[in-house]
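The values are calculated or read from the model by the stated rules, or taken from the named source; none is laboratory data. Since the structure is predicted, the reported quantities are computational estimates derived from the model, not experimental observations. With ideal geometry, Cβ positions are generated from the backbone for all residues, glycine too; neighbour counts draw on all protein chains shown. The accessibility values were calculated without ligands, DNA or RNA, using every heavy atom of the protein model including side chains. Shrake-Rupley method; radii C 1.70, N 1.55, O 1.52, S 1.80 Å.
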Amino acid sequence: MQSKLFLRGSIFGFILPSLVFLLCSFFEFKGDFIAFYYQLEALHVHTHVLSLCVLSNLLPFLIFIKKNRIFPARGILMSTIILAIIITLDKLL
């Protein structure tokens, strides 16, 4: 049961930033998220925008902590850390 809750939190933590990025691309490029990413990459700000999208995990993390649902919160925290490492590597390479 605990590992299932951890897995759900992890999946949610990966999906939410993706949805936020898609929402941003919908308003900027009418849903063409690949063109939006390349435009951000040409401006050298794609890692900044991706970092802000990962920041969207803060709200569900705080909600799960407040409701004492530790395992989904741990899953969201783990996915946030993984995404932060990936974005950092993208910035350095």
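A few comments on the model shown:
- For the range 66-83, filtering for residues that are farther than 11 Å from Gly9 by Cα and either surrounded by 15 or more Cβ atoms within 10 Å (Cβ to Cβ) or among the hydroxyl-bearing types (Ser, Thr, Tyr) (or both) leaves 1.
- Flag for Leu59 being part of a helix (DSSP H, G or I), under 26 Å from Leu93 (Cα atoms) and open to solvent by 80 Å² or more (accessible area, probe 1.4 Å): no
- Cross-chain or 6+ apart pairs with Cβ under 9 Å, the range 2-28 first and modelled with pLDDT of 95 or more and open to solvent by 60 Å² or more (accessible area, probe 1.4 Å), then β-branched (Val, Ile, Thr) and part of a helix (DSSP H, G or I): Phe12/Ile76; Phe14/Ile82
- Scope the range 50-85; condition among the aliphatic types (A, V, I, L, M) and over 18 Å from Ser18 (Cβ atoms); matching residues: Leu62, Ile63, Ile65, Ile70, Ala73
- Per the listing Ala73, Ala84, Ala35, the residue uniquely over 30 Å from Met1 (Cα atoms), among the small types (Gly, Ala, Ser) and either part of a helix (DSSP H, G or I) or out of contact with any helix residue (DSSP H, G or I) (no Cβ under 9 Å at 6 or more places or on another chain) (or both) is Ala35.
- Scanning the range 42-51 for residues that are of a type in the set (A, V, I, L, M, F, W, C) and loosely packed, with under 14 Cβ neighbours inside 10 Å yields a count of 3.
- From the options Lys91, Lys30, residue that is at positive phi and not acidic (Asp, Glu): Lys30
- As a summary of the residue check, Gln39 satisfies the conditions (1) open to solvent by less than 100 Å² (accessible area, probe 1.4 Å); (2) under 13 Å from Thr80 (Cα atoms) except for the one numbered (2).
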